[in-house]
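J.: This is the structure I have questions about; it appears just below.
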Amino acid sequence: MNSVINEFKFIELPTLLCLGADMLKSVPKVVDRLSLGKKALLLTDDFLRTRIAKDVEDILIDGNIEVFTSIIQNSTMDEVEKQIGVHKEIKPDFVIGLGGGRPIDIAKSVAYKTNQRFISIPTIASHDGVASSRASIMGSDKRHSIQALPPIAVVADTIILDKSPYRFTAAGCGDLLAKGTAIADWMLSHRLKNELISEYSIALSDMTVQLITKKANVIKSQVSGYSRIVVKALISSSLAMCVAGSSRPGSGSEHMFSHALDTIAEKPALHGEQCALGSIMMGYLHDLDWESTKNIMIHLGLPVTAKDLGLKDEEVIKALETAHSIRPERYTILGKDGLTSDAAVKVATVTGVIN
Ligand SMILES: [Zn+2]
């Protein structure tokens, strides 16, 4: 019998998505349009302090907005607390996160805990946290995906993003290609465990895989403005997570494999690179067309072997064996018990990840 779900829930989405060349200059307009106030706390890292952060400061001051810049060192819970202390002292009207993953994750958490809104200004397109409501924060032993609010605005300047190293953008594509197995895991859990799914969220997430696949040539060519395709898809993936109210549409067994690698590997690779590698192997387990995923990865210049990623074969095997225990409450193709040693070696060998 078909039933209708009457559960009441909120879907919180960003209000303004600004994408294009020279978008940085529009930050004061964004602040004004959203009536955010006249005093900003800008969170960024040491690398950007004298570079893009300086430009943002000048643009804000020109727009009659007072700004205090605070440098984050890492993305730990301690750093969140430290920046909340800065926030208490400064008493800003809103928060800005400028940078790669870490400043945006910290800004997201600080804004959430201080009950304020924040603007996300990504400087690399390497992951889909740019517009999502989840913050990835390092706990005492492992990384946690913490509930926060999505940014009220995303300002993605394609001149800045085009100039960022291609490896980061390719990793962003990897994080997006990995949604194929994340969706397959969610559907599997829906069939086996009756877990609720959201068709809307799945459609948004799946669209990102299609977009990267279809536009792989343009991305690879790095033609002017190419980063717009990737950041648009990353935002779409973030929105899928906002709609679902969890990271389910974007994070399945392949992300669990990547998180396991983060704790096991001597030198972990980029998040999106690891997730894409995981997606080849989880695609094999799901009996999906993993070879096509692998071919697109090769075309985009993403590593498809442990060696190319700077990982040892045994690290990949151990991550495959333990991935299921990373997030036991999230049912995936790895099941409750995970892969046996033999099965882990087989999946890594058949897919050419190790040889
Ligand atoms: Zn991811």
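J.: Counting alpha carbon pairs within less than 8 Å and at least 6 residues apart, what relative contact order, in whole percent, applies to region 166-350?
T.: Values: 285 pairs, mean separation 51.0, N = 185.
Relative contact order comes out at 28 percent.
J.: To continue, here is another question. So how do 44-56, 199-211 stack up, highest first, on mean other-Cβ count within 10 Å?
T.: 199-211, 44-56
J.: What angle, in degrees between 0 and 90 and rounded to the nearest 10, separates the Cα long axis of helix 271-285 from the longest principal axis of the Cα atoms of the chain?
T.: 30 degrees
J.: Compute the angle between helix 290-300 and the longest alpha-carbon principal axis of the chain, please, reported from 0 to 90 degrees and rounded to the nearest 10.
T.: 40 degrees
J.: Here's another thing I want to ask about it. Sort 185-196, 291-302, 142-153 for me by packing, meaning the mean count of neighbouring Cβ atoms within 10 Å per residue, highest on top.
T.: Ranking the peptides 185-196, 291-302, 142-153 by packing returns 142-153, 291-302, 185-196.
J.: Between beta-carbons, use under 13 Å as the cut-off and find the net charge around K179, counting Lys and Arg +1, Asp and Glu -1. Show your work: numbers first, answer last.
T.: Details: positive: R248; negative: D128, D175, D185, D206, E254.
Net of charged neighbours comes to -4.
J.: Which of L42, H87, V67 sits farthest toward the positive end of the charge dipole of region 16-163, with +1 on the Cβ of Lys and Arg and -1 on the Cβ of Asp and Glu?
T.: Value: H87.
J.: Separate question: Pairs to check: K82/K267; K142/K294; K108/K307; K25/K54; K179/K215; K108/K312. Give those whose C-alpha atoms are more than 24 Å from each other in this structure. Intermediate values should be presented prior to the final figure.
T.: Working: K82/K267 28 Å; K142/K294 29 Å; K108/K307 35 Å; K25/K54 13 Å; K179/K215 16 Å; K108/K312 34 Å.
Listed pairs above 24 Å: K82/K267; K142/K294; K108/K307; K108/K312.
J.: Remind me, relative contact order of region 86-145 in percent, using alpha carbon pairs under 8 angstrom and six or more residues apart? Could the numbers behind the result be given before it?
T.: Values: 79 pairs, mean separation 18.5, N = 60.
With pairs under 8 Å counted, the relative contact order is 31 percent.
J.: A follow-up question, please. Taking the Cα centre of the chain as origin and charging only Cβ (+1 Lys, Arg; -1 Asp, Glu), how large is the dipole, in debye to the nearest 20? Kindly include the intermediate steps, with their values, before the conclusion.
T.: On the way: 39 positive and 41 negative charges, 116 e Å.
Taking the Cα centre of the chain as origin, the dipole is about 560 debye.
J.: Continuing with the same structure: Between 0 and 90 degrees, rounded to the nearest ten: what's the tilt of helix 199-214 against the longest Cα principal axis of the chain?
T.: Helix 199-214 sits at roughly 80 degrees to that axis.
J.: With a cut-off of 8 Å between alpha carbons and a minimum separation of six or more residues, what is the relative contact order of region 56-201 in percent? Present the calculation step by step, with values, prior to reporting the outcome.
T.: Numbers: 196 pairs, mean separation 25.9, N = 146.
Relative contact order, region 56-201: 18 percent.
J.: Now for a different question. Restricting to the chain, what percent of DSSP beta bridges are antiparallel, rounded to 5?
T.: Details: 5 of 29 bridges.
Roughly 15 percent of the beta bridges in the chain run antiparallel, per DSSP.
J.: Same structure again: Where a ≥ b ≥ c are the square roots of the eigenvalues of the C-alpha gyration tensor, would you call region 166-350 rounded, which needs a/c under 1.5, or, failing that, prolate if a/b is larger than b/c, or oblate? Present the calculation step by step, with values, prior to reporting the outcome.
T.: Numbers: a/c = 1.83, a/b = 1.13, b/c = 1.62.
Verdict is oblate for region 166-350.
No lab work stands behind these numbers, since they all come straight from the coordinates. What you are looking at is a predicted structure, and each value in this text was computed from that prediction instead of being measured. Note that each Cβ is placed from the backbone with ideal geometry, even for glycine, and that neighbours are counted across all protein chains shown.
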